[in-house]
Amino acid sequence: IKSLKNNFDIDTTLVQFSPNSHHDIRIMDYNVMEDCYLCTNDEKLLKEKYFSTHDLKIGETVNAKINEKTANGLKLTIGSIRALLVGALYRKIAKTESGSEIRVRIVEIEHDTKIVHVTNQPGFLKKENVFILDDKTKVKVGGIFTGLVMKESAQFYNVLFFNHIKGRLPKNSNNQDELIAMGNLKEGT
């Protein structure tokens, strides 16, 4: 109950929740030891669109609120969900004050830790021509997907797709025209 802070009189509180009264509540968690659902009637949480990691899907574009700047990125929240924008998925932006909002795309969802990894790389935020590979079953010969070059060597490019899917793009005489058509490929593009 949102109005309760520390100690309270249970009889006084339960008067609000008399038999046959109706209340909107949201299940916050489940306590296995007590075999009990923990609930809230906090209006803000009742109306929250993104409440758990199961409310998001990989590839979805959403607004995220900046909470904190770290050494290699940002800690964010998407509704009630913690998110990280770090490493190669992070493109430095001018506006990183705590409380500001930025547009991001969901890259990976960790349901067990309840953390979402996102990107703000411009190549992933374009509306058109972004083909998201988030499931290995979508891989087919001739398929086209947008990925992030993580490493370049003399023989190949290592490419990261969504949901921890990785690929390797070889550099050879057979695909030289394709590589030129893709533009200037380098780490971070």
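The values are calculated or read from the model by the stated rules, or taken from the named source; none is laboratory data. All figures in this text were calculated on a predicted structure; none of them were measured in a lab. A quick note on method: Cβ atoms are made from the backbone with ideal geometry, for glycine too, and the neighbour counts reach across all protein chains shown. Side chains included, ligands, DNA and RNA excluded: accessible areas come from the protein's heavy atoms. Shrake-Rupley method; radii C 1.70, N 1.55, O 1.52, S 1.80 Å.
A few comments on the model shown:
- Each peptide among 36-45, 91-100 gets the average number of other Cβ atoms lying within 10 Å of its residues, and from highest to lowest they stand as 36-45, 91-100.
- Taking a point 7 Å from the Cα of residue 146 along the Cα-to-Cβ direction, the residues of region 76-120 with backbone N closer than 13 Å to it are 104-107, 119-120.
- Rounded to the nearest 0.05, the FRET efficiency derived from the C-beta distance between residue 125 and residue 22 at R0 = 25 Å is 0.05.
- Hits among lysines - C-alpha to C-alpha of residue 151 under 16 Å, sequence gap 8 or more where chains match: 166, 171, 186
- Given charges at Cβ of Lys, Arg, Asp, Glu: the chain dipole, positive-most of 83, 16, 169: 169
- Net charge dipole size for region 1-154 [Lys, Arg +1 and Asp, Glu -1 on Cβ; Debye, nearest 20]: 1020 debye
- Rounded FRET efficiency, nearest 0.05, which uses the C-beta distance separating residue 139 from residue 77 and R0 of 41 Å: 0.80
- Ordered by solvent-accessible area of protein heavy atoms (1.4 Å probe), largest first, the residues 34, 108 come out as 34, 108.
- Computed from phi, the 3J(HN,Hα) profile of region 71-78 under the Karplus parametrisation 6.51, -1.76, 1.60 (θ = phi - 60°) reads 4, 10, x, 9, 9, 10, 10, 10 Hz, with x in place of Gly and Pro.
- Under Karplus coefficients 6.51, -1.76 and 1.60, residue-wise ³J(HN,Hα) of region 141-157 in Hz, glycine/proline x: 4, x, x, 10, 9, 8, x, 10, 6, 9, 8, 10, 10, 5, 9, 7, 10
- Simple Cβ-charge dipole of region 70-189, Lys/Arg +1 and Asp/Glu -1, about Cα centre, in debye nearest 20: 100 debye
- Full-extension gain in nm, residue 156 to residue 171, via 0.36 nm per residue minus C-alpha separation: 4.9 nm
- Using the Cβ-Cβ distance between residue 68 and residue 45 with R0 set to 30 Å, the FRET efficiency works out to roughly 0.90.
- Accessible surface ranking for 130, 141, 1.4 angstrom probe, highest first: 141, 130.
- According to the Cα-based calculation, Rg over Rh for region 40-116 is 0.97, with Rh computed by the Kirkwood formula.
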